[in-house]
Amino acid sequence: MSHERRAFLKTAGVFAISGGASRILGANDRVNIGVIGIGGRGTGHVKTWAVTPQVRVTALCDVNQAARERGVALIEQATGSKPQEFIDMRKLFESKDVDAVSMATPNHWHALGTIWGCQAGKDVYVEKPASHNVFEGRKMIEAARKYNRMVQVGSQSRSSPRIQKAMQLLSEGVIGKVYMSKGLCYKRRKSIGHTPDQPVPPGVNWDLFLGPAPMRPFSMNHFRYNWHWFWDTGNGDIGNQGIHQMDIARWGLGRDLPTAVVSTGGKYVYDDDQETPNTQIAALDYGDAELVFEVRGLMTDGEGSLNPPIGITVGNLFWGSDGYMLVGGDGFKVYKGEGRELVMDEKAERSPRGATAQPQPHFLNFIDAVRARDHKLLNAEVEIGVRSVVLVHVANISYRLKRRLEFDPTTWKFRGDQEANQMLTRHYRAPYVVPDNV
């Protein structure tokens, strides 16, 4: 038996004994939440759960002591109670005081943390992108089903009434047969420069931060936020901001997985530590329709006319046999006919300036499903999130291999390309292993 297999069985055994069954919630019981990962997005999780009446934040976990202390202070200020602190999420999963976890870790931890949580009898809200690669996404789905867990992916657009309305209109034929969708991630990104290898800062557990990724010397660019721009821990901006728009692009096109993909681009202009592209175009072929995605982190204008004169910089465009739709942060517009007549202009609702934190619909949707024990109530259930991020992964594989790839949507593998298929997974660093058998 391999060392990795022994490590997995040991971990799974602990979870099966200590946390296999979740607490039965009464009508008035609050759901006990543990937040894992308290960086920028994780701090948002803490603030949201703290003002959600149906929830009690009972635990916080982060490999960085300073982040944990900030999170505890936020909870104490908002609720007057002090949550338990954990460095290692495996210890949090053993806690009987946690019903569900809310994960905002770096991408390379999403799948393993979700699988461990399911094995421990916890429901899971996991940030986007659902997974770091294709293989582990499938294992997340298997774990959620096997242990009857609610797993919501943080694709908040799925709970937006405005986006839901736009997608419903597309499915009803508002612009006729949709033949092409495009997602835009023209999000300005400055150069990250170079940061040297250095001793691990006090209070940081670097081994736990890297987890499934290969061990490497500590460097600030590999730690705070910029981990997005390295293949070991992130997926580039197509899998960072872009997965939101990729999910909407797939949703509005009404398609599942493509039959072929080609992606080109590069890291242009900058001389820095970043590995992932700051300029990227991906085209995903569905036979009778096409999905296109574009990343531009450098200076650029936008597209469409939703917010002239700049246009859309982060959003979606859909083209059909009878017209087209533009979807952006300010709402959506529908144009019809040869004269491109504006027939619908739906404005987005804006929160008043200075408004206090409020429970968010996507988080509340998760809690509703947890109470009802019905994963079909989830707006971004794990299988939805995983299928959308497959498009990100296959695009990145095409980009890295510099060639067009044929994809089989039934097997989730590339046709006749062993090198590409090897990139559907990764070599996991024991004991942080996503197993074949969850």
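Of the residues making up the range 48-78, those that are closer than 9 Å to ILE38 by Cα and surrounded by fewer than 23 Cβ atoms within 10 Å (Cβ to Cβ) are ASN64, ALA67, ARG68, ARG70.
Taking the range 107-132 as the range and being part of a loop (DSSP other than H, G, I, E, B), out of contact with any strand residue (DSSP E or B) (no Cβ under 7 Å at 6 or more places or on another chain) and crowded, with 24+ Cβ neighbours inside 10 Å as the test, the residues that pass are ALA120, PRO129, SER131, HIS132.
State whether the residues of the range 232-244 include one that is in contact with a strand residue (DSSP E or B) (Cβ under 6 Å, 6 or more places away or on another chain), assigned to a loop (DSSP other than H, G, I, E, B) and in contact (Cβ under 8 Å) with a residue 60 or more places away in the chain. Working first, answer last.
To start, the set of residues in the range 232-244 that are in contact with a strand residue (DSSP E or B) (Cβ under 6 Å, 6 or more places away or on another chain) comprises 237-238, 241-242.
Narrowing further to those that are assigned to a loop (DSSP other than H, G, I, E, B): 241.
Remaining after also requiring in contact (Cβ under 8 Å) with a residue 60 or more places away in the chain: 241.
Looking for residues that are in contact with a strand residue (DSSP E or B) (Cβ under 6 Å, 6 or more places away or on another chain), assigned to a loop (DSSP other than H, G, I, E, B) and in contact (Cβ under 8 Å) with a residue 60 or more places away in the chain, one finds at least one in the range 232-244, hence yes.
When each of LEU326, LEU306, LEU317 is tested for being modelled with pLDDT under 95, more than 30 Å from GLY34 (Cβ to Cβ), surrounded by 20 or more Cβ atoms within 10 Å (Cβ to Cβ) and of a type outside the set (Gly, Ala, Ser), the lone residue that passes is LEU306. For the range 69-99, residues that are in a helix (DSSP H, G or I) and of a type in the set (Gly, Ala, Ser) total 3.
No other residue among LYS402, LYS347 is of a type outside the set (A, V, I, L, M), at positive phi and touching a residue at least 12 places away in the same chain (Cβ under 8 Å) apart from LYS402. Here the range 215-253 is the region considered, the condition is being under 21 Å from THR425 (Cβ atoms) and β-branched (Val, Ile, Thr), and the residue that is farthest from the chain's Cα centre (by Cα) is THR233.
Can you confirm whether the range 280-298 contains a residue that is within 17 Å of SER388 (Cα to Cα), assigned to a loop (DSSP other than H, G, I, E, B) and among the aromatic types (Phe, Trp, Tyr)? Can you show your working first?
If we filter the range 280-298 for residues that are within 17 Å of SER388 (Cα to Cα), which is where we start, we get 281-286, 289-295.
If we keep only those that are assigned to a loop (DSSP other than H, G, I, E, B) as well, we get 286, 289.
Within this subset, residues satisfying the condition of being among the aromatic types (Phe, Trp, Tyr) are 286.
Checking the range 280-298: at least one residue is within 17 Å of SER388 (Cα to Cα), assigned to a loop (DSSP other than H, G, I, E, B) and among the aromatic types (Phe, Trp, Tyr).
Got a number for residues in the range 187-217 being among the polar types (S, T, N, Q) and touching a Ser or Thr at 6+ places or on another chain (Cβ under 6 Å)? Give the steps one after another, and end with the answer.
Here is the first cut: in the range 187-217, the residues among the polar types (S, T, N, Q) are 191, 195, 198, 205.
Applying the additional criterion that residues be touching a Ser or Thr at 6+ places or on another chain (Cβ under 6 Å) yields 195.
Matching residues across the range 187-217 total 1.
When GLY315, GLY287, GLY239, GLY297 are screened for being of a type in the set (Gly, Ala, Ser) and more than 26 Å from LYS402 (Cβ to Cβ), only GLY315 passes. Of all residues in the range 410-438, those satisfying the criterion of being part of a loop (DSSP other than H, G, I, E, B), surrounded by 14 or more Cβ atoms within 10 Å (Cβ to Cβ) and either under 21 Å from the mean Cα position of the chain (by Cα) or free of Cβ contacts under 8 Å to residues at least 12 places away in the same chain (or both) are TRP412, MET423, LEU424, THR425, ARG426, TYR428, TYR432, VAL433, VAL434, PRO435, VAL438.
The values are calculated or read from the model by the stated rules, or taken from the named source; none is laboratory data. Note that the structure is a prediction, hence the values are computed from the model and not measured. Ideal geometry is used to build each Cβ from the backbone, glycine not excepted, and the neighbour counts take in all protein chains shown.
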